[in-house]
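The values are calculated or read from the model by the stated rules, or taken from the named source; none is laboratory data. From a predicted model like this one, the values you see are computed outputs, not experimental measurements. No Cβ is skipped: glycine too gets one built from the backbone with ideal geometry, and neighbour counts run over all protein chains shown. The protein model used for the area step is the full one, side chains on, heavy atoms only, and it has no ligands, DNA or RNA in it. Shrake-Rupley method; radii C 1.70, N 1.55, O 1.52, S 1.80 Å.
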Amino acid sequence: MHRRVSPAFLLVRKMAASSAEPQFLVQYLVLRKDLSRAPFSWPAGALVAQACHAATAALHIHRDHPHTAAYLQELGRMRKVVLEASDENTLKELAETLQQKNIDHVLWLEQPENIATCIALRPYPKEEVNQYLKKLRLFK
């Protein structure tokens, strides 16, 4: 069975071919670490669900962007990196910085409490967004 290669995939492939290394698209997620500890003590499953909600929302909202289309073209090669924000203020400050720098993202708010829990960026080449995320640690 042959699948048609999308123009978006060809565009990213062409962009990657122009550099020395292949251009890998990564979807970054930033999840609040404090929600796993007292006084919140959310279970691991609830935190994973927040990251899933944010990732899905970012992919849906930015589905027409060539990077998102290319990222979804090869489901077996999707790359996600989950980072941690220490608290809600840190998460909201990052969201504000990303907004100012025109970095496409979604700040997920858990309802009905309206609690900011996670940021998900649309898929990006890591070189384009690393400067905004490099101070954050991998989520543990």
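Express the relative contact order of region 25-138 as a whole percentage, based on alpha carbon pairs under 8 Å and six or more residues apart in sequence.
Once divided by the residue count of region 25-138, the mean separation gives 41 percent.
Using the Cα centre of region 25-138 as the reference point, and only Cβ charges (+1 on K/R, -1 on D/E), how large is the resulting charge dipole? Debye, rounded to the nearest 20.
380
Classify region 25-138 as rounded, prolate or oblate, taking a ≥ b ≥ c as the square roots of the eigenvalues of its Cα gyration tensor: rounded when a/c is under 1.5, otherwise prolate if a/b is larger than b/c and oblate if not.
prolate
For the pair PHE40 and GLN99, how long in nm is the line joining their label points, each one 7 Å along Cα→Cβ?
Label-label distance for PHE40 and GLN99, simple model: 1.9 nm.
Mind checking the per residue accessible area of region 51-140 for me, 1.4 Å probe, whole number of Å²?
60
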